[in-house]
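The values are calculated or read from the model by the stated rules, or taken from the named source; none is laboratory data. The model shown is predicted, which means the values in this text are computed figures rather than measured ones. Counting neighbours? That spans all protein chains shown, and the Cβs are built from the backbone with ideal geometry, glycine included.
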């Protein structure tokens, strides 16, 4: 277990202090902005190269760089159920439409789940029919079928 | 408040009994399969035409047809936190990556939220790099900025 | 994510120590007292001008001023469910009369919600029929209709 | 204690079945639409006249009419925390801005609370600066000061 | 909001260190022992005179004296539900007999509540029929009737 | 364990249907109105005489009369935490002032508790200084000291 | 969503009534006893052949047989946290030793999880060093590595 | 009660800092890697020899070495319910299949439990039918039968 | 899993209706009163002989008699945390003095637990020093030591 | 209220550091080992003599000695529900067999409770029928009957 509980505070504070964007952090490690943010928030195990690149970009010390390469124990960095309205809206969507999605997916794929491990997220800014700004969040996970035995 | 608490049981049972797919239900009302399922699960207010089309397709009685046109009180049709693994994986994603998404979105849009009301969901089956089946869930909501006053 | 967790303690302490009223803080940024308090409690993203005006009025250091311009992660500054009687009375009103308000609003507006983002609050002191002091809280939010898709 | 647990189901069902609006129910008892709905949802003690008028309008039997005149035990007619987005938005407002309102009110009134008993609610449809529909909810309660002893 | 979270620790510690009784603290401010304890535990807004008298008696510094005159945010100084047997017994009484009291009070007063704001508590030591010591707790609150509107 | 779960519904319904007051029920068994209500709500073990008197007054059948003489399993007849404002106000008083009462009582009695078993409650209507109606609730319990061993 | 909520009661009751063992049920479908029990408890999607074999063995009607072939919504058939001591002991093991297992597995496999979908369980009776009966539970799941993107 | 609350942080940090594997820690005390990790995480009472060996290997001071030989108070080192996906998958397995395992075990052993005290865990890396890596977790506990008396 | 959820209601009702004491039920099966009550409440697996004796004594039908011989799924027959004062007092004892007992036991026995499976309870009425009635509850369980592996 | 929150840490640490047993602490104050441990864990109000004896034995400073003589606010020194298996087994016993004990006790004593205040606990090591070590925990409390009024 990573013992550096406040790892993400150190890393995200450095990113904020340097005025870097997630695009820029992402470019430094050759991954997407969402994944770069996941690493900095402590939700991933960086490769040696990724950790070194983050350390160079964000002036992290050796202990922080090493901690980034350990397998993290994943815990939320927020109260739960979510009190922040941005996060709550997603919670509401799953709370209400989760079984609807399950039903539609099972019609397509049979009994199973969308993996949250072999999984990626992408975020885009798109325009709506009336020219309004819209957020598009794309979740993409491998379909796993239940094993029989 | 709709007083027909078990509305979705009546409607979904009829869909199951008739062996219809959500594609077919969707075609009957000219909406997407996810939205058609949302109406049948009680998460939407059907127009008169939609309710009539559903009633014809699913042999619903007049009271059920009328109830579909009332504004629903939205409650989950499942235990919560979710015990079903399909639904839980989405919960896990929000629990862990919610603040990551928030951070990336705020960089793009400024302080605000993705609406869960002026909002749609789409589901697709796609292929991964190794030919594996993957589920792609696309969330699309209007960006709302906090008002100053 | 703002990493300055105790931002509101710094800002509100300064306001208390200087013996300023919310009216006076509001005047400094050209907004209403409630909104001025929301900014100081960390529930808003100040513009550069607002943050500068608050920093001047309250003698905030540069880091605090900058933090005020970041998008906040919204968390309660109180135990929840509310133990303070002032806050609890509002909780009680929503707990009991929420569905009543929903029913009356749906009759007026159709299926949808009052936005809590494109939203403002105003507080007034008024007199009752027997000359008693009464508090009047006015909530005002854009009506959002559910999207069909 | 009222033993008629499903009183509001009987009364609201009758109102729905007859296609009456809350305006019309309110007119029958000479109260506001919100208060009329509160009585029908079981959140008030009707006078003999009010109960008689409701019974006439809604074809209620004698036992239901009598139950309306008993002091109710107030319980929510919904899951809690609220899962319905309309109700949740109010919950969110109190969760986050409760202490802000408290602070502003205490500056105006001193230590005390807005009563939720000597209290009324009004709902209005108003237009916003860009012509959009907005809901305005006005809470009005007697200010109660803490007693010293 | 009072920012001095540990106010009651400072004040009660001083009272303990000086070996004062609540009777003596009460005498210094001309209030009852229960109310004097409520002020010291942070459950009241002291007048200037009360705060000055407490500061003299308990050697409080100027900041603590000033904090006593601010409207407090009321939070419990104990775990909840109560683990202490003394407090739990009251909890048990309300849990079980709350509706009984409500029923008896409504027969006397009609639909309403006993205010917890315009409210006082008194504690007495009395003798029982067999000469045993008994505690008598007297709760006294203004009766508030529900408003019609 | 009493297996008649809905005992209090049967008994209280009969009391309501006959239009009896708690004063009248109390007179029939020679106890106080609060205690009479406690028995009818299932919070006491009636003597043979009390059960017989209640059966005569309320036209209870033999099984109900017998059940009243069994030791009850005490469970709340309401949601908990209390949603009814009358009951909540007592909850609030214990939540906030419990440790204050404990402190004052310990000064009087030493380490121990007020029994909730060798215990009685009385309710009175009194007038306040400005002629207002006030409820007075008197709790009276034997003081129990912790045993040393 | 399967609408037959009590499916497992029907199926397990039939198995009990016929005095069949899980070994015998398993033999009828050519799967292991644990998997056979999972199907009967509603935690799997039976193939047409499996459902037919179960229907023959347990005298199930056509609707039950068809329901067995639908993708189930997985919910616990027990209170949670577990009150049954058999189930609780497993809960205790995960509660306490979960992070220990995680640490050891990450040393072996790198950052990832043991799948609970591509997963099987086996149960054996073995003898301990002192001849005592011991239960051996073998969990076997595919290792899934977190995806980078 | 061990008063060294952060014992596991000291010990595991030393293991991480020295770059030791659980295999190596296990070898030093002649136990399995899982048990070695359990001791270091504070879930066991080390013998004098084990504590001495750990102290030598990990450069622990005398107080830490002594604390390892005291009987621990077992508490989780993680949030609960588990938010980490690795730990959650086990939780899900027990949540859903706990009663299935119970049923199958009772058929084999009669009414009782698998002990979580006279109990061991083993972890293995195995290959699946398609050559994929799989984790195998073997739980092994003494069967305890309920006593009659 | 026993599917007869209300088994204890049937059995205990019969015991009450026949006016039998637990002593008498115990005599019929040659066990202690507490164990006899445990069987009737569904917390044990009766032998064929015990079930037959209970069926004769209590006039149980064949299905109930058979259900008594199945391994039960143990769930509480009461709300939890306990609202009944009798049960709560035990809860309070464990809540507060659990770690004290643990400490004293570990001094006597080393690291381990008192089994709740190989376990019995006895209840006695004894006299105190002042002649008062006292309840004596004797818990007796096998000491289980943690296994090393 | 005692303001020395970590009192038990100071006292128990001293006991551990000096290598004393609870037998030895008990001997110093002339009470039982369990009661001595209760005082040291902060679950009792020491007499002046007891506090002085503890201070001498454990080298406590004057403030700690004085704090031991104040009436404690009783709070658990452990997470709750209990995660430690030793404590959990007692929790399980009350959860499941609480109503059984209640039933048996009511047959013996009538409606009332076993006091947890006029109450003592004793722990013994005894031998079982097969020579195994068993823990015997004896709870002994005054029987309190419900008062009629």
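The requirement of being within 18 Å of residue E:149 (Cα to Cα), surrounded by fewer than 18 Cβ atoms within 10 Å (Cβ to Cβ) and touching a helix residue (DSSP H, G or I) at 6+ places or on another chain (Cβ under 7 Å) is not satisfied by residue D:133. Residue J:1 falls short on exactly one of the conditions (1) within 27 Å of residue H:72 (Cβ to Cβ); (2) in contact (Cβ under 8 Å) with a residue 24 or more places away in the chain, and that condition is (1).
Looking at G:100, G:77, G:12, just one residue is more than 14 Å from chain A (Cβ to nearest Cβ), crowded, with 20+ Cβ neighbours inside 10 Å and more than 18 Å from residue B:16 (Cβ to Cβ), and that residue is G:12. Scan segment F:20-27 and tell me whether some residue there is buried (at least 20 other Cβ atoms within 10 Å of the Cβ), touching a helix residue (DSSP H, G or I) at 6+ places or on another chain (Cβ under 7 Å), assigned to a loop (DSSP other than H, G, I, E, B) and more than 7 Å from every other protein chain (Cβ to nearest Cβ). No, segment F:20-27 contains no residue that is buried (at least 20 other Cβ atoms within 10 Å of the Cβ), touching a helix residue (DSSP H, G or I) at 6+ places or on another chain (Cβ under 7 Å), assigned to a loop (DSSP other than H, G, I, E, B) and more than 7 Å from every other protein chain (Cβ to nearest Cβ). Residues in segment F:32-69 that are surrounded by fewer than 19 Cβ atoms within 10 Å (Cβ to Cβ) and either within 9 Å of chain J (Cβ to nearest Cβ) or assigned to a loop (DSSP other than H, G, I, E, B) (or both): F:47, F:59, F:61, F:69. The lone criterion from (1) in contact with a helix residue (DSSP H, G or I) (Cβ under 9 Å, 6 or more places away or on another chain); (2) within 25 Å of residue B:39 (Cβ to Cβ); (3) part of a strand (DSSP E or B) left unmet by residue B:143 is number (2).
State whether one or more residues within segment A:124-146 are under 18 Å from residue A:6 (Cβ atoms) and not assigned by TED's automatic domain parsing to the domain that holds residue A:30. Before you say what the answer is, go through the steps one by one.
Taking segment A:124-146 first, the residues under 18 Å from residue A:6 (Cβ atoms) are none.
Among the residues of segment A:124-146, not one is under 18 Å from residue A:6 (Cβ atoms) and not assigned by TED's automatic domain parsing to the domain that holds residue A:30, which makes the answer no.
Checking the stated criteria, residue I:86 turns out to be within 7 Å of another protein chain (Cβ to nearest Cβ), crowded, with 21+ Cβ neighbours inside 10 Å and either modelled with pLDDT of 95 or more or out of contact with any helix residue (DSSP H, G or I) (no Cβ under 7 Å at 6 or more places or on another chain) (or both). Taking every residue in segment E:20-49 that is in contact (Cβ under 8 Å) with a residue 40 or more places away in the chain and pairing it with any residue that is surrounded by fewer than 19 Cβ atoms within 10 Å (Cβ to Cβ) and assigned to a loop (DSSP other than H, G, I, E, B), at least 6 positions away or on another chain, the pairs with Cβ-Cβ distances below 6 Å are E:32/D:149; E:35/D:149. Collect the residues in segment D:110-127 that are in contact (Cβ under 8 Å) with a residue 60 or more places away in the chain and facing chain E (nearest Cβ under 9 Å), keeping them in residue-number order. Selection gives D:120, D:121, D:122.
Restricting A:130, A:92, A:107 to those that are over 22 Å from the mean Cα position of the chain (by Cα), more than 11 Å from chain G (Cβ to nearest Cβ), over 20 Å from residue H:85 (Cβ atoms) and not in a strand (DSSP E or B) reduces the list to A:130. Please tell me if residue C:117 is in the same structural domain as residue C:139 (by TED's automatic domain parsing) and within 14 Å of the chain's Cα centre (by Cα). It is true that residue C:117 is in the same structural domain as residue C:139 (by TED's automatic domain parsing) and within 14 Å of the chain's Cα centre (by Cα).
Does residue E:137 satisfy the criteria of being at the interface with chain D (Cβ under 9 Å from one of its Cβ atoms) and within 30 Å of residue F:76 (Cβ to Cβ)? Judged against the criteria, residue E:137 is not a match.
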